[in-house]
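The numbers here are math on the coordinates, done by the rules we state, and not lab data. Everything numeric here is computed off the predicted structure, so don't read it as measured data. As a convention, Cβ positions derive from the backbone with ideal geometry for all residues, glycine included, and neighbour counts pool all protein chains shown.
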Amino acid sequence: MPSKIERQNSSKFKTSALKRNSEFKKNFSSAKGTSMHPDHSMVLGRLNKIRGQIDGVEKMISEKRYCVDILTQLKASSSALRSIEGIILKKHLNHCVQDVFLLKDTDQIETKIDEIVKLSLKS
């Protein structure tokens with residue numbers, strides 16, 4: 001039997017999901033999803049850091065620095081971009097995709113699944 005805290009957490013999750021679902025229904029506008037997309041602004045600092053790394057790589061190339069040093073910086077930049085990609089994908093699954101599943105609209109569910117499959121094949 002679930003504890004009181006587990007029941008409260010489950011209830012909070014259901015309430016949050018239902019609230020998002022009602023907002024979603026009000027704002028649903030196209031096959032791409034809601035007109036209310038999740039906020040991704042928390043990754044802007046990371047993107048600025050990556051921009052700085054790329055500027056550094058450009059400078060390293062201009063200065064004819066050692067190849068392995070340049071490659072190391074490129075790997076770090078690529079890894080940072082993959083990390084941001086994971087953050088945004090997780091948010092997409094937890095909001096955009098989940099909202100479509102809550103609507104139980106099989107056409108929209110199929111669209112979201114197709115989007116994710118196509119995205120995963122672009123690796």
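In table form, for the structure just shown:
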quantity: Theoretical FRET efficiency, 1/(1+(r/R0)^6), r = Cβ-Cβ of residue 102 and residue 49, R0 41 Å, to 0.05; calculated: 0.70
quantity: Loop-resident sites, the range 35-123, for GluC sites (Glu not before Pro), counting at most 11 other Cβ within 10 Å (DSSP); calculated: 63
quantity: Members of 64/118; 59/90; 75/118; 59/122; 59/91; 59/118 lying beyond 32 Å, as alpha-carbon distances in this model show; calculated: 64/118; 59/90; 59/91; 59/118
quantity: Where labels lie 7 Å past Cα in the beta-carbon direction, separation of residue 39 and residue 94 in nm; calculated: 1.4 nm
quantity: FRET efficiency, 1/(1 + (r/R0)^6) with R0 22 Å, evaluated for residue 110 and residue 80 via beta carbons; calculated: 0.10
